[in-house]
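Take a look at the structure below.
Laboratory data are not the source of any read-out in this text; all were calculated from the coordinates shown. Owing to the predicted nature of the structure, the values given are computational and were not obtained by experimental measurement. No Cβ is skipped: glycine too gets one built from the backbone with ideal geometry, and neighbour counts run over all protein chains shown.
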Ligand code: NAP
Ligand code: ZN
Ligand code: ZN
């Protein structure tokens with residue numbers, strides 16, 4: 001008899017206030033268009049922490065987090081055409097979308113008008129089956145939501161590209177980071193450090209705004225042209241009116257006014273960080289220079305593939321600390337202290 005599920009194991013959160021703990025669960029047997037992926041590496045995104053601590057609303061426990069997944073195709077459904085056993089692949093922040101709305105039909109499925117299906121703490125399109133993420137040994141995903149990892153990218157370093165990489169690539173491209181442009185990145189964490197590397201590869205001049213002075217040397221080594229220690233009084237004053245684009249990756253609520261002042265006429269500040277509490281700002285600095293405050297969420301499947309190929313072509317990889325899954329709770333504490341250098345990646349082979 002055919003098995004009715006694939007056994008999976010991993011780490012899950014069982015409440016907002018308890019540490020993640022080992023968890024055994026089930027994945028669906030592959031449907032016609034499904035790819036079964038043996039997960040090799042799983043990145044730790046700050047969104048995982050916001051979610052499992054119910055900072056964005058009550059999570060649906062148990063939650064197996066993880067949406068920076070890199071692995072190897074282990075099996076495919078009978079109608080899969082895009083992947084074969086042995087391929088190196090990735091899965092990012094969503095595993096399905098409605099496929100019918102105007103966004104889905106124009107390669108913007110990250111903006112699915114009916115809501116994409118998150119890789120974890122979400123429901124499949126049936127509206128009742130919970131999704132579980134990458135802090136595990138195996139995942140089953142429709143081939144249309146799987147990414148191809150180019151062979152020149154090491155799998156452990158490819159994992160963070162699936163969220164941190166695309167989340168910066170998309171707005172940098174959309175708002176025209178490139179030669180002759182000065183781009184500011186606020187926060188040098190997992191997302192921010194990818195922003196520095198990608199903006200630099202796009203040809204922009206890059207300015208890092210960080211509240212951790214000890215990160216200066218690293219920022220410059222990553223390619224930043226300037227490092228601004230925002231804990232110093234009036235540190236932003238010399239940068240008023242200088243920036244063509246700023247991306248805010250900070251996971252906590254910060255005052256935006258001083259950053260708006262750094263934008264040129266008509267320039268844009270893009271929010272990608274999603275703190276628990278609202279940001280504060282006054283409209284004056286926006287109004288006076290017709291500046292824009294915008295937002296951006298990850299990128300489409302098509303754009304994520306483009307980003308992976310871009311990173312391979314420019315030899316861009318994140319700085320990672322490779323850890324065993326049992327170290328996940330210690331890693332969370334360090335992320336919360338802005339002490340990640342610059343992305344934790346779990347070696348799922350050590351589960
Ligand atoms: P992270 O690695 O923790 O980096 C966040 C950085 O923000 C820290 O390293 C720190 O940089 C800065 N920071 C933290 N607390 C601060 C504070 N109190 N004041 C000033 N700066 C502070 O987190 P991440 O994984 O990059 O994620 C960043 C945010 O983006 C999270 O809110 C996450 O949920 C969100 N996110 C959004 C998307 C999207 O599609 N929009 C995708 C992924 C993640 P410095 O030490 O350099 O100051
Ligand atoms: Zn993420
Ligand atoms: Zn849709």
Review point. Tell me, how many Å apart are the Cα centres for segment 167-210 and for segment 71-144?
Key: 28 Å
Check your understanding: Calculated from DSSP H runs of 4 or more alone, at -39500 (n - 2.57) each and per residue, what is the 222 nm mean residue ellipticity of the chain, nearest 500?
Key -> -6000 deg cm²/dmol
Point to revise | Approximate spin-label separation residue 234-residue 129, in nm, with each point projected 7 Å along Cα-to-Cβ | key: 6.2 nm
Revision key, fill the gap. So residue 32 and residue 60, fully extended at 0.36 nm per residue minus their Cα-Cα distance, gain in nm 7.3 nm
Review point. If you bin the C-alpha pair distances of the chain every 20 Å from 0, what whole percents do you get?
Key: 31, 58, 11, 0
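Estimate the FRET efficiency between residue 2 and residue 100 by the formula 1/(1 + (r/R0)^6), using the beta-carbon distance for r and 22 Å for R0, to the nearest 0.05. Don't skip to the answer; put the middle values down first.
Working: r = 31 Å, r/R0 = 1.40.
Rounded to the nearest 0.05, the efficiency is 0.10.
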Check your understanding: For segment 113-220, max minus min Cα coordinate along each principal axis, in Å, sorted largest first?
Key -> 47, 32, 30
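Based on the mean of other Cβ atoms within 10 Å per residue, sort peptides 260-267, 203-210, 101-108, 147-154 so the most packed one is first.
In decreasing order of mean packing, 260-267, 203-210, 101-108, 147-154 become 203-210, 260-267, 147-154, 101-108.
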Check your understanding: Among 112, 93, what is the fewest-to-most ranking by other Cβ atoms within 10 Å?
Key -> 112, 93
Exercise for review: With a ≥ b ≥ c taken as the square roots of the eigenvalues of the C-alpha gyration tensor of segment 165-295, please select rounded if a/c is under 1.5 and otherwise prolate if a/b is larger than b/c or oblate if it is not?
Suggested key: rounded
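Quick check on the chain: of the DSSP beta bridges with both residues there, what percent are antiparallel, nearest 5%?
Working: 34 of 62 bridges.
Around 55 percent of the beta bridges assigned by DSSP in the chain are antiparallel ones.
Return 18, 117 ranked ascending by Cβ neighbour count within 10 Å, so the fewest neighbours appear first. Write out the running numbers ahead of the final one.
Working: 18 11, 117 21.
Lowest to highest Cβ neighbour count: 18, 117.
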Exercise for review: Kindly express, to the nearest 10 degrees and within the range 0 to 90, the angle between helix 190-201's C-alpha long axis and the longest C-alpha principal axis of the chain.
Suggested key: 70 degrees
Review point. How far is the Cα center of segment 48-62 from the Cα center of segment 279-328, in Å?
Key: 21 Å
Review point. If one computes the Cα centroid of segment 1-35 and of segment 221-271, what distance in Å separates the two points?
Key: 41 Å
Practice item. Give me the angle, in degrees from 0 to 90, between the Cα long axis of helix 164-174 and the longest principal axis of the Cα atoms of the chain, rounded to the nearest 10. Key: 50 degrees
**Study point:** residue 288 paired with residue 107, simple spin-label distance in nm, labels 7 Å along Cα-to-beta-carbon
**Key:** 4.1 nm
Exercise for review: Could you tell me whether segment 190-255 comes out rounded, prolate or oblate from its Cα gyration tensor? Rule is a ≥ b ≥ c as square roots of the eigenvalues, rounded for a/c under 1.5, then prolate if a/b exceeds b/c, otherwise oblate.
Suggested key: rounded
Study note, to complete from the structure: Taking 269, 279 and counting other beta carbon atoms within 10 angstrom, the fewest-first order is 279, 269
Check your understanding: Taking a ≥ b ≥ c as the square roots of the eigenvalues of the Cα gyration tensor of segment 1-138, is the shape rounded (a/c under 1.5), prolate (a/b larger than b/c) or oblate?
Key -> oblate
